[in-house]
Structures are given as structure tokens and as C-alpha cells.
């Protein structure tokens with residue numbers, strides 16, 4: 001059922017029945033007129049058919065089926081792999097007091113600080129914004145902001161994602177955009193996200209730290225992630241219960257078997273070079289544990305997608321159809337998996353847009369703010 005959206009309004013979920021919102025922003029070519037359309041699909045139709053996009057286009061076929069029953073949780077093993085979700089759940093993430101190192105130039109209606117906290121003994125830095133005005137009696141809602149992959153040696157705290165943080169901060173949220181270990185002035189080694197737990201440990205310690213921050217409401221914590229930061233966001237939300245809502249743009253949100261089989265970079269431009277130790281997890285894991293077909297239990301144990309029944313809150317996904325860095329199908333599969341678990345999920349697909357949603361940035365940010373307002377405020 002395709003309906004034209006008027007004035008950017010989006011139909012809400014019907015009572016007693018979960019709907020998935022798949023919104024396609026259609027580029028009109030030389031006319032310069034943009035028509036934004038919406039597909040509203042019932043749970044029954046979505047799971048029994050694959051014709052979910054405007055134009056009666058089917059979901060791409062993949063090597064992993066879209067299950068009609070919940071994904072089984074892997075059985076615990078005697079020795080947990082450090083990248084397994086269960087190993088993360090058994091760790092403690094005490095965080096620390098957040099130190100305001102330096103005050104930066106303020107935003108339109110908020111203050112900006114170069115701040116730090118502790119994670120596994122490392123001093124981790126980040127950009128912290130605090131709304132102006134009197135702090136609410138229960139504190140401001142807060143968002144942990146997980147940036148995508150930027151070569152650690154060129155990453156700078158006060159650069160990149162400036163407009164993203166500004167939209168969130170101007171909407172009266174505390175925003176903590178953290179630098180993972182080994183980035184800019186953060187201590188520790190930049191170990192990569194997919195084969196080492198260090199970055200997600202930094203994220204989870206940031207959650208604990210913001211809960212201790214006097215001006216933040218510890219009961220209203222959300223998380224935003226882009227690309228690799230989307231991977232970290234999903235991982236955090238199936239590990240800890242404090243994260244009440246998440247938004248992911250162009251996220252690496254597939255299971256590890258799908259990351260092995262479906263991730264093919266189509267961008268003709270040179271890719272940023274990740275450290276060799278951050279790229280070797282594929283080869284090492286297959287050699288040590290066998291392929292996903294040979295050892296499905298291991299590959300399920302390290303995949304966030306195996307634990308979606310425990311996700312801590314509603315999730316909103318955004319993805320461009322011409323993303324050349326992260327496959328659109330990653331978000332499509334995650335959407336279906338969350339539907340199968342009867343979780344609240346919104347999925348917006350932007351026709352002709354890229355990895356950064358450059359063509360529809362304002363539309364995607366408006367939807368992001370509306371989502372956080374609904375579930376955090």
C-alpha cells in the first residue's frame with residue numbers, strides 16, 4: 001500500500017499490529033521536484049511476501065534466509081570468545097566521572113566541551129554538548145554518538161559529523177560523540193571494531209559514564225550510529241538494557257555470516273586503509289573455527305542478530321539505495337529479523353542516495369529527532 005506523504009507527516013503504528021515504515025525519497029531527475037513516498041506493510045504481508053518496495057520490487061535474494069521464526073540463541077560454551085555477545089554481557093562497564101577538559105566555541109543553544117572518561121583504564125576523549133537553560137529536574141535526555149570508520153591517524157575530535165551533532169544538540173539533548181581508543185588523543189590502540197571488542201567496550205563505558213553525569217537523565221539514554229558506528233550501536237543494544245532507543249544510518253548491521261558473504265564494496269574511490277590487524281578477523285576466524293556452515297554456533301555467538309529478542313529499545317534504520325560502502329540489504333535483513341521478534345522498528349530507504357545520505361540529510365535528521373523525541377522525551 002503506497003501513499004503520498006503530505007507535509008512530511010508519517011503514519012504511526014496501528015494499535016495491536018506492528019507496521020514497518022519503508023520510506024523512499026525518489027529523485028525526480030531533471031525536473032528538480034522531489035516526491036517522497038511511503039510503503040506501509042503489515043507484519044503478515046511482510047513476512048509472507050518479499051514485495052515490500054514501491055514499484056513491486058522484491059527484496060534481493062541473499063545467502064541467508066529471512067526466517068519466519070525467531071533466531072535461536074546459541075548455547076553457551078565453556079570458553080567464551082571475547083567477541084561473543086555473552087562474553088560482553090558478563091563484563092562490567094563501570095565508566096567514570098566525565099571530566100570537562102576544555103570549553104569550545106558554543107553552538108546556537110548549547111555549550112560544547114572537549115571531555116574525557118575512562119574505559120578499561122584508558123583515557124577516552126569525546127565531544128560533549130549540553131543544552132543551555134535550566135536543567136530539568138530529572139536531567140536532560142542524552143545520546144551516545146558512535147561515528148563511522150575514519151582512519152584513526154587522521155581522526156580529530158572537533159572534525160567530521162559536525163552537522164549531525166548540531167541537529168541533535170539543538171533539539172535539547174546532551175550529545176556525547178566519543179573518540180574510540182587510539183583515535184586522536186584517546187589512549188589505547190585502535191584495534192578495529194569487527195574483530196576486537198575494544199571499541200564497543202568504550203561505547204558501553206560511555207553509557208555508564210553519561211549515566212553518572214549530573215546534568216543527564218540516566219533513564220533517558222539513546223544511541224546514534226553511522227556505518228561502523230551502527231554496528232557498535234546494535235551490539236550495545238543487545239548487551240545492555242539502559243539504551244532506550246537507537247538510530248542507525250547505513251549501518252553494518254548484518255550477522256557475521258552475511259558480512260562474510262554479502263559485503264562487497266562497490267565504491268570506485270580508494271577505500272580508507274584499516275590497520276592490517278583490524279582486517280584479519282575473517283581469515284583468522286575461518287581458520288580457527290571453520291566456516292559458518294561448518295560451525296554455525298560460533299558465528300551465531302558473535303553476531304548481534306542472534307540476540308535481537310533482547311534488544312533494549314525501538315530502532316530506526318536509514319539507508320540509501322546507492323550506498324557503495326555498506327550494502328542496503330544489511331538494513332533490509334535486520335528490519336525483517338526485528339519484525340520476526342515483534343520489535344518496534346522503522347526503516348527508511350532513500351532512493352538514489354549515498355552512504356552519508358547527502359541528498360536527504362535534512363529529511364533523515366528530522367526523522368531521527370522525531371524518533372528520539374518519541375522514545376526518549
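Working ranking of peptides 148-154, 347-353, 101-107 by packing, defined as the average number of other Cβ atoms within 10 Å per residue, highest first, is 347-353, 148-154, 101-107.
The order of 111, 181, going from fewest to most other C-beta atoms within 10 Å of their C-beta, is 111, 181.
With the Cα gyration tensor of the stretch 326-370 giving a ≥ b ≥ c as the square roots of its eigenvalues, does the rule (a/c under 1.5 for rounded; else a/b larger than b/c for prolate; else oblate) give rounded, prolate or oblate? It is oblate, given that a/c is not under 1.5 and a/b is not larger than b/c.
Take the convex hull of the alpha carbons in the stretch 85-376; its mean projected area over all directions comes to 14.5 nm². Ordered by the number of other Cβ atoms lying within 10 Å of each residue's own Cβ, fewest first, 358, 186 fall into the sequence 358, 186. Normalised by the number of residues in the stretch 287-354, the mean separation of alpha-carbon contacts (under 8 Å, six or more apart) gives a relative contact order of 36 percent.
Summary of packing: across the peptides 87-93, 327-333, the per-residue average of other C-beta atoms within 10 Å ranks them, highest first, as 327-333, 87-93. Using all pairs of distinct alpha-carbon atoms, the Kirkwood hydrodynamic radius of the stretch 105-192 works out to 13.6 angstrom.
Taking the DSSP beta bridges with both ends in the stretch 85-376, the antiparallel portion is around 40 percent.
The overall shape of the stretch 163-205, judged from the alpha-carbon gyration tensor, is prolate: a/c is not under 1.5, and a/b is greater than b/c. Between residue 187 and residue 138, the modelled label-to-label distance comes to 3.6 nm, taking each label 7 Å out from Cα in the direction of the beta carbon.
For the stretch 85-376, averaging the sequence separation of C-alpha pairs within contact (under 8 Å, six or more residues apart) and dividing by the residue count gives a relative contact order of 17 percent. By the beta-carbon count within 10 Å of each Cβ, the least crowded to most crowded order of 220, 377, 343, fewest first, is 377, 343, 220. Computing FRET efficiency as 1/(1 + (r/R0)^6) for residue 211 and residue 80, where r is the C-beta to C-beta distance and R0 is 45 Å, gives about 0.95.
Annotation for residue 289 and residue 219: the two label points, set 7 Å from Cα along the Cα-Cβ direction, are 3.8 nm apart.
Rule-based calculations on the coordinates, nothing more; no lab input. Please read all numbers here as calculations on a predicted model, not as lab measurements. Here the Cβ is made from the backbone with ideal geometry for all residues, glycine too, and neighbour counts use every protein chain on show.
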